[in-house]
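Asker: Mind looking over this structure? Questions follow.
The values are calculated or read from the model by the stated rules, or taken from the named source; none is laboratory data. The model shown is predicted, which means the values in this text are computed figures rather than measured ones. Quick reminder, even Gly has a Cβ in these numbers, built from the backbone with ideal geometry, and neighbours come from all protein chains shown. Accessible surface areas use protein heavy atoms only, side chains included; no ligands, DNA or RNA. Shrake-Rupley method; radii C 1.70, N 1.55, O 1.52, S 1.80 Å.
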Amino acid sequence: QDYLCYLGFLNYEKGADIAVQVAKKMKIKLILAGQARSSFYKEKIKPYLNKDIKYIGPVNFKEKIELLKNATALLNPVQWEEPFGLVPVEAQACGTPVIAFNKGAMPEIIKNGKTGFVVKTEKKMIEAVKNIDKINRKDCRKWVEENFSVEKMVDEYEKLYKKIIK
């Protein structure tokens, strides 16, 4: 559908305010879902809510899947060196491309130019949104199946464990 999605804590570390600013500048719909931090939400999110930028609160598993699979893209403008991001993996599993800041594990989770875009600035995030139609949603799903399945994760953990105990 014709909206961007943000899913996660609405706080500084996760960059919820940046997602709002990207949507505002582009005049595009954004649905924010997740747990809001009171003062951050009141100062950085609530003033910008309108018919196009909506906060729907926390979502359950079924609602999350619907939100992700129907989004044009997931915005993930993390502000810290996040060691792993489950939400970007879940989005790609739903066939939804991810646009994230180049922090922490994001370059490992997103295949830049193939399953989304890894960018450095808000301006580059806006450019990536404009180019999101270049991403094949089937590639997003395939990437997750090949790299983040339970089997793949267990195999990689076992390899690492064996390497460590040698």
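Asker: Hey, any idea what % of the chain's accessible area is carbon plus sulfur with a 1.4 Å probe?
Answerer: 54 percent
Asker: Additional query: Under the rule of at least 5 residues apart or a separate chain, name every residue whose amide H is placed under 5 Å from the amide H of residue 55.
Answerer: It is 32, by chain and number.
Asker: Let me ask something else. Only one of the listed values, [x] 15.8, 46; [y] 16.0, 58; [z] 17.4, 63, was derived from the coordinates as Rg and Dmax of the Cα atoms in Å; which label is it?
Answerer: Structure-derived value, by its label: [y].
Asker: For a quick check, take a GNM of the chain with Cα springs below 10 Å and name the residue from 50, 112, 76 with the largest mean-square fluctuation.
Answerer: Among 50, 112, 76, the largest mean-square fluctuation in the Gaussian network model of the chain belongs to 50.
Asker: What pairs in 14/46; 69/123; 24/46 have C-alpha atoms more than 20 Å from each other?
Answerer: The answer is 69/123.
Asker: Can you list residues from other chains, or at least 5 along the same chain, whose modelled amide H is less than 5 Å from the amide H of residue 15?
Answerer: For residue 15, whose amide H was placed from the backbone, the distant partners under 5 Å are 79.
Asker: Oh, and also: Ignoring ligands, DNA and RNA, what accessible area per residue does segment 1-141 give at 1.4 Å, in Å²?
Answerer: Per residue, segment 1-141 has 51 Å² of solvent-accessible surface.
Asker: Same structure again: List, in order, the whole-Hz ³J(HN,Hα) value for each residue of segment 141-154 obtained from phi through the Karplus relation with A = 6.51, B = -1.76, C = 1.60 and θ = phi - 60°; use x for Gly and Pro.
Answerer: Those phi angles translate into 4, 4, 4, 5, 4, 7, 10, 10, 6, 4, 4, 5, 5, 4 Hz.
Asker: On to the next question. Using heavy-atom solvent-accessible surface (probe 1.4 Å) with all chains present, what is the largest-first order of 55, 161, 3? Don't skip to the end; give the middle numbers.
Answerer: Details: 55 65, 161 140, 3 20 Å².
Highest to lowest solvent-accessible surface, that is 161, 55, 3.
Asker: Calculate one ³J(HN,Hα) per residue across segment 68-78 by plugging θ = phi - 60° into the Karplus curve 6.51 cos²θ - 1.76 cosθ + 1.60, and present them in order as whole Hz with x for glycine and proline.
Answerer: Each residue's phi maps through the Karplus curve to give 5, 5, 9, 7, 5, 6, 9, 8, 9, x, 4 Hz.
Asker: What distance in nm separates the simple spin-label points at residue 70 and residue 114, each placed 7 Å from Cα in the Cβ direction?
Answerer: 3.1 nm
Asker: Follow-up. Which far-off residues, 5 or more places away or on another chain, put their amide H under 5 Å from the one on residue 101, with H placed in the peptide plane?
Answerer: Under 5 Å from the amide H of residue 101 lie the amide H atoms of 76, 78, 119, each far enough along the sequence or on another chain.
Asker: In whole Hz, with x marking every Gly and Pro, tabulate ³J(HN,Hα) for segment 2-11 from phi via Karplus 6.51 cos²θ - 1.76 cosθ + 1.60, θ = phi - 60°.
Answerer: 9, 9, 8, 10, 10, 9, x, 4, 8, 8
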